[in-house]
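Just below is one structure, and these are the notes that go with it.
The values are calculated or read from the model by the stated rules, or taken from the named source; none is laboratory data. Because the structure is predicted, anything quoted here is derived from the model rather than measured. Backbone-built Cβ (ideal geometry, glycine too); neighbour counts: all protein chains shown.
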Amino acid sequence: MAGSKQNKRKPLHQQGSQDWWERWGKFVIPSVAVIIAAIISYFGTIVPLKMEIESTKIAETSKAILTSSSITETASFNSTQTQMADFLVLTSTFQTILKTPETPTFTPSRTITPTPTLTITPSPTPTFIGGGSGYIVFSAKDEDGDLEIYSLDLSRKNRVTVKLTNNTVKDSDPVWSPDGQKIAFVSTRDGSADIFFMNFDGSDVQNITRSSAPEYSPAWTPDDSKIVFSSHTGNMQIYKYNISSENKILLTADINYDAEPTVSLDGSNLVVFESNRYDNDYSALYVMGLDGGNPKRLSPNRNKKYDISPSFSQDGTKIVFVSKDYFNQTDIYVMNADGSNIQQITNTREFSEMSPSWSPDGEYIIFSRDNSAIYVIKADGSDLELIVEISEANYPSWRP
């Protein structure tokens, strides 16, 4: 139209700053604010508190700017410049926050106290007087009045006797084999008193001599293959019996009394026994070889005493025995294997001690007292202890 004034838009390079902000500022500023808010939200886990405060300020400012732009497009350029300056200040603050991250604060986790390692202390091996396995055997009368073989475990707190034989006859004189597996003893179950043996629990009883002559006082050789004993064949003599060959050999052939042999277990093959061959009225202790050779007197004539019931210590160095005086007072003595250094162990006028034997460790002596109780005492005569009281308790023997 001629003469009319056309409203043509100026090219972009010809537009002033105010025109540009008026046209694009209302789109750019909110977009930038949204982007900034998203970044702040993303880094919220690193600087949660500070970022939350600054993000709120930026959002409020952006909202104000957007509201102001939508109300009027004729705002002055100076107002727009002020808004832009506030935006730049907020942007600079946000960049500072990003460049200076807050040092993370770590809350220490719960201290875990390691469970202490359980230390298991093995139970100590039970100890009991005498060493060895702790078992003893002896003979005594049962409730029916029959003489039986009993065992007793010294390692138990409550010591209980166990009956190994049960007969209406006499079973007595028990003695352990050196390996602790068998018990030799005397029994009249086949008529005459013979030498038997059985397992340690009382099973598999066997008569090994089957003799018409009474036999007593069995003693094992160190290898468990032979038994030495005394037999009343006219007068009391000593024999050796080979278990495997069933061969019986006479070791003494004296016109006097030879009885109650015991064999050294140290391999010296010596037999100690009691005999009255030196004096018909009193007995003394003698030693000879396992073949019966070279008999020799050990105990001297000590004021007309009877020296009886000898027993070797496990190592063969000592002999314990009973000495009886003219008034039948009996006490226990110990001497060296060669007969020297005789020591009296008991001295009790009111009691009668019999049948002593050694503990496996050689520290104790077990014996019967008054034919009614079993006692142990240290080899030096101290620490006397009652083991069991039972009628006619006698011939105690300690298991190796």
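Here are the numbers for the structure shown:
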quantity: Enumeration of residues in the stretch 197-236 that are surrounded by 21 or more Cβ atoms within 10 Å (Cβ to Cβ) and either more than 17 Å from I183 (Cβ to Cβ) or of a type in the set (D, E) (or both); calculated: E215, S230, S231, M236
quantity: Matching residues in the stretch 178-196 - criterion: being crowded, with 22+ Cβ neighbours inside 10 Å and under 17 Å from I136 (Cβ atoms); calculated: I183, A184, F185
quantity: Looking only at the stretch 287-301, and only at residues there that are in contact (Cβ under 8 Å) with a residue 24 or more places away in the chain and out of contact with any Gly (no Cβ under 9 Å at 6 or more places or on another chain), the one that is surrounded by the most Cβ atoms within 10 Å (Cβ to Cβ); calculated: M288
quantity: Hits in the stretch 222-234 - residues which are in a loop (DSSP other than H, G, I, E, B) and more than 43 Å from the chain's Cα centre (by Cα); calculated: G234
quantity: Positions within the stretch 127-160 being outside any strand (DSSP E or B) and of a type in the set (V, I, T), in sequence order; calculated: T127, I129, V160
quantity: Test: residue in the stretch 114-136 that is at pLDDT below 85, under 18 Å from E389 (Cβ atoms) and of a type in the set (A, V, I, L, M); calculated: yes
quantity: Where L251 falls short, out of the listed (1) out of contact with any Asp or Glu (no Cβ under 9 Å at 6 or more places or on another chain); (2) hydrophobic (A, V, I, L, M, F, W, C); (3) closer than 17 Å to N294 by Cα; calculated: (1)
quantity: Every residue from the stretch 373-391 that is more than 14 Å from G130 (Cβ to Cβ) and surrounded by 15 or more Cβ atoms within 10 Å (Cβ to Cβ); calculated: A373, G381, V388, I390
quantity: Yes/no for A253 being aliphatic (A, V, I, L, M), surrounded by 20 or more Cβ atoms within 10 Å (Cβ to Cβ) and in the same structural domain as G339 (by TED's automatic domain parsing); calculated: no
quantity: Qualifying residue in the stretch 258-271 (condition: more than 18 Å from W220 (Cα to Cα) and either in contact (Cβ under 8 Å) with a residue 24 or more places away in the chain or crowded, with 19+ Cβ neighbours inside 10 Å (or both)); calculated: no
